[in-house]
Amino acid sequence: MVAVIGAPNAGKSTLVNQLVGQKVAITSAKAQTTRARMLGIALYPEKQPDTQMILVDTPGIFAPKRKLDRAMVTAAWDGTQAADAVLLLVDPIKQRRHELEPLVEALAKRPERKILVLNKVDRAKKEPLLALAQDLGAKAEFEEVFFVSALTGDGVPEMKAALAARMPEAEWMYPEDQVSDASERLLATEITREQLYQQLHDELPYDSAVRPESYTQRPDGSVEIRQQIVIGRSSQKPIVLGKGGSMIKSIGEAARKELSEMLGVKVHLFLHVKVDEKWDEDREVFEEIGLEWKG
């Protein structure tokens, strides 16, 4: 088991997808896209695998302000427990030192094997990259340092081989064809949420969630999915709906197309918008998105 941690938007979900070899976690340019702890299941070597690695894609660790933030940070640290290795992913361009420094300090006190991974080698300059690796290495005991690009895959095969070599001998935890622990129902809401972020960019803040309402198989083998997009303010509703319903239609079409490819069947996706100013104080919503509720 390998826990992937880091400051928000360091590229953790992109790296987990690269290691698994297909998409298991949603990504966006927004920080804190990942909310709950999700598992990606990677095999090594790809052709005749003898090693299974459970990759824990955790939310970014930051200073929490709201109940939702606190639950996300708890999920991130919980994800490192029982891990055979903790992989700290750092964006050397943004760095986010105010979040990175406390994270390295906390890691230094932990017993797990620690691996430092510097991301975005395709864009970062070499000298500052090496200086950053040296600086962080002096603050916590990292067994190894890797330089990768989660986006292009540069350096990822070498890192994957090194991680596989560290895995203890044990029975595989999941069947060979399984790539994630997420249910299809949860994955479907995540795909819609990704489209919500991608298509609305900065227009929609974080006070939004996608809730599963129903997930049923039709007699013809196709799947009918009904979801609720929950937003925090009524002023956001016209933004999500778009003129004449054009935006919600576009979000639904893109999510449906991706879900259909992922599930290998025809998908009928129905979305509707609900305004709830206190959705992030709702125990049921927390549990639906895989977060622990602490009253």
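Please report, as a whole percent, how much of the solvent-accessible surface of the chain comes from carbon and sulfur atoms (probe radius 1.4 Å).
49 percent
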(request) Show me 4-11, 233-240 ranked by packing, highest mean number of other Cβ atoms within 10 Å first. (result) 4-11, 233-240
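Per the Kirkwood formula on distinct C-alpha pairs, the Rh of the chain is how many angstrom?
Radius from the Kirkwood sum: 20.1 Å.
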(request) For region 217-284, just say rounded, prolate or oblate: build the C-alpha gyration tensor, square-root its eigenvalues into a ≥ b ≥ c, call rounded for a/c under 1.5, and beyond that prolate if a/b exceeds b/c, oblate if not. (result) oblate
(request) Treat region 98-241 as a sphere of radius equal to its Kirkwood radius over Cα pairs and apply Stokes-Einstein at 37 °C in a medium of 0.692 mPa s; give the translational diffusion coefficient in µm²/s, rounded to a whole number. (result) 166 µm²/s
(request) Provide Ser149, Ser246 ordered by accessible surface of protein heavy atoms (probe 1.4 Å), highest first. (result) Ser246, Ser149
(request) For region 81-174, please report how many Lys pairs fall under 25 Å Cα to Cα, leaving out neighbours fewer than 8 apart on the same chain. (result) 19
(message) Using amide H atoms built in the peptide plane, which far-off residues or other-chain residues are under 5 Å from Leu151 H to H?
(response) Lys120
(request) Order the following by accessible area, largest value first: Thr192, Thr152. Probe radius 1.4 Å; ligands, DNA and RNA are ignored. (result) Thr152, Thr192
(request) Using the Karplus curve 6.51 cos²θ - 1.76 cosθ + 1.60 with θ = phi - 60°, work out ³J(HN,Hα) for each residue of region 231-240 in order, rounded to whole Hz, and write x for Gly and Pro. (result) 10, x, 9, 5, 5, 8, 4, x, 5, 5
(message) Quick check for you: with a 1.4 Å probe and neighbouring chains kept, what is the accessible area per residue of the chain, in Å²?
(response) 48 Å²
(message) I need to check one value: relative contact order of the chain, counting alpha carbon pairs closer than 8 Å and at least 6 residues apart, in percent.
(response) 18 percent
(message) Could you work out how much longer the chain between Asp135 and Arg185 gets when fully extended? Use 0.36 nm per residue separation minus the Cα distance between them, nm to one decimal.
(response) 13.7 nm
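The values are calculated or read from the model by the stated rules, or taken from the named source; none is laboratory data. A quick note: this is a predicted structure, and the numbers were derived from the prediction, not measured. In this analysis, Cβ positions are derived from the backbone assuming ideal geometry, glycine residues included, and neighbour counts consider all displayed protein chains. All accessible areas refer to the heavy atoms of the entire protein, side chains included, with ligands and DNA or RNA removed. Shrake-Rupley method; radii C 1.70, N 1.55, O 1.52, S 1.80 Å.
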